[in-house]
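Participant: Here you go, one structure.
The values are calculated or read from the model by the stated rules, or taken from the named source; none is laboratory data. Everything numeric in this text was worked out from a predicted model, so none of it was measured. All Cβ positions, glycine included, derive from the backbone under ideal geometry; neighbour counts span all protein chains shown.
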Amino acid sequence: MEEIIDNITEQDMPNEDMRLVYRECGCDVALALLEKFDGMKIYVPSNGFRRIKAKLIIQNGDKMTPVDLAMKFKVPLATVYDILRNRGREERQISFLGDKHEHSKD
């Protein structure tokens, strides 16, 4: 497979989206997407890191100040306060969605 990857260029990608993936993520990622998700349309949400950041803010909420959390995760201070204030609800939502996702693999 390495021999194949060495000979593939950005221009070999089938469309502009895949050329962008090739440029930003590398040939191996572009080829993996083509191989594993052939024909599938993939949507990348603009707030894709929201749940991940919320989980990390909750996990670090007792170790860091809200200002430090806001700076570290590049979110507004008000967002940190909202996440910490709604900590229980956020944790249940993250847990529920994680459990649901795990079961969908069966």
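Participant: Given the options Val21, Val44, name the one that is of a type in the set (Val, Ile, Thr) and either modelled with pLDDT under 95 or loosely packed, with under 10 Cβ neighbours inside 10 Å (or both). Walk me through how you get there before you give the answer.
Facilitator: Numbers: Val21 fails: either modelled with pLDDT under 95 or loosely packed, with under 10 Cβ neighbours inside 10 Å (or both).
None of the other options fit; the residue is Val44.
Participant: A further question follows. Test Glu10 against the stated conditions and say whether it is free of Cβ contacts under 8 Å to residues at least 60 places away in the same chain, farther than 28 Å from Val75 by Cα and not assigned by TED's automatic domain parsing to the domain that holds Arg87. Break it down into steps so the answer makes sense when it comes.
Facilitator: Numbers: free of Cβ contacts under 8 Å to residues at least 60 places away in the same chain: yes; farther than 28 Å from Val75 by Cα: yes; not assigned by TED's automatic domain parsing to the domain that holds Arg87: yes.
In short, yes.
Participant: Quick one: which helices (runs of 4 or more DSSP H) sit completely within segment 13-77 and have at least 3 residues that are among the β-branched types (Val, Ile, Thr)?
Facilitator: Details: elements: 16-25, 27-36, 50-60, 66-73.
Correct list: 50-60.
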